[in-house]
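The values are calculated or read from the model by the stated rules, or taken from the named source; none is laboratory data. On a predicted model such as this, the values are computed, not experimentally measured, just so you know. Here the Cβ positions follow ideal geometry from the backbone for every residue, glycine too, while neighbour counts run over all protein chains shown.
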């Protein structure tokens, strides 16, 4: 620390003199004391100092960012921390994927209901093969309706 400047957030919180080569100073400036306070409360200043010393200088800023993120998550959710947030987001993705599958099945059902049957005389190719839309070629109407109903049941069980 240069003369006339305030100590870093770490040294200020720990009430110690901030040395010129303080490992915390570049990452925990004095203008944001809560940043270090949360990290200190969750991990401890000694452990954070050891982690930073073991890392190459070019990786320390990313490590501090991760520690701050995890500490904030632990303050919000002491049991699960970041894992709780990740789990919540994964559940949301699963629910949205289910809704998307249901919507796609419903669109397919509607398309099949409105599709006019092809007249064999006009639509038959030279070999006698009737062309079918690729999206409908492998599923009968009953298959589509059955799939739609099962998706609807699965999604309704997710919401209860």
If you check 90, 97, which single one turns out to be outside the structural domain of residue 37 (by TED's automatic domain parsing), exposed (fewer than 11 other Cβ atoms within 10 Å of the Cβ) and at pLDDT 60 or above?
-> 90
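Criterion first (under 29 Å from the mean Cα position of the chain (by Cα) and either farther than 13 Å from residue 71 by Cα or surrounded by fewer than 13 Cβ atoms within 10 Å (Cβ to Cβ) (or both)) does residue 14 satisfy it? Full working, then the answer.
On the way: under 29 Å from the mean Cα position of the chain (by Cα): no; either farther than 13 Å from residue 71 by Cα or surrounded by fewer than 13 Cβ atoms within 10 Å (Cβ to Cβ) (or both): yes.
For residue 14, the condition - under 29 Å from the mean Cα position of the chain (by Cα) and either farther than 13 Å from residue 71 by Cα or surrounded by fewer than 13 Cβ atoms within 10 Å (Cβ to Cβ) (or both) - is not met.
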Output the number of the condition that residue 78 fails; it satisfies all remaining conditions of (1) assigned to a helix (DSSP H, G or I); (2) over 20 Å from residue 21 (Cα atoms).
-> (1)
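Any chance you could count how many residues in the stretch 62-87 are on the phi < 0 side of the Ramachandran plot and either surrounded by 13 or more Cβ atoms within 10 Å (Cβ to Cβ) or touching a strand residue (DSSP E or B) at 6+ places or on another chain (Cβ under 7 Å) (or both)? Show your work before the answer.
Step one: filter the stretch 62-87 for residues on the phi < 0 side of the Ramachandran plot, giving 62-80, 82-87.
When the remaining residues are screened for being either surrounded by 13 or more Cβ atoms within 10 Å (Cβ to Cβ) or touching a strand residue (DSSP E or B) at 6+ places or on another chain (Cβ under 7 Å) (or both), the result is 63-64, 67-75, 77, 80, 82, 84-85.
Counting residues in the stretch 62-87 that are on the phi < 0 side of the Ramachandran plot and either surrounded by 13 or more Cβ atoms within 10 Å (Cβ to Cβ) or touching a strand residue (DSSP E or B) at 6+ places or on another chain (Cβ under 7 Å) (or both) gives 16.
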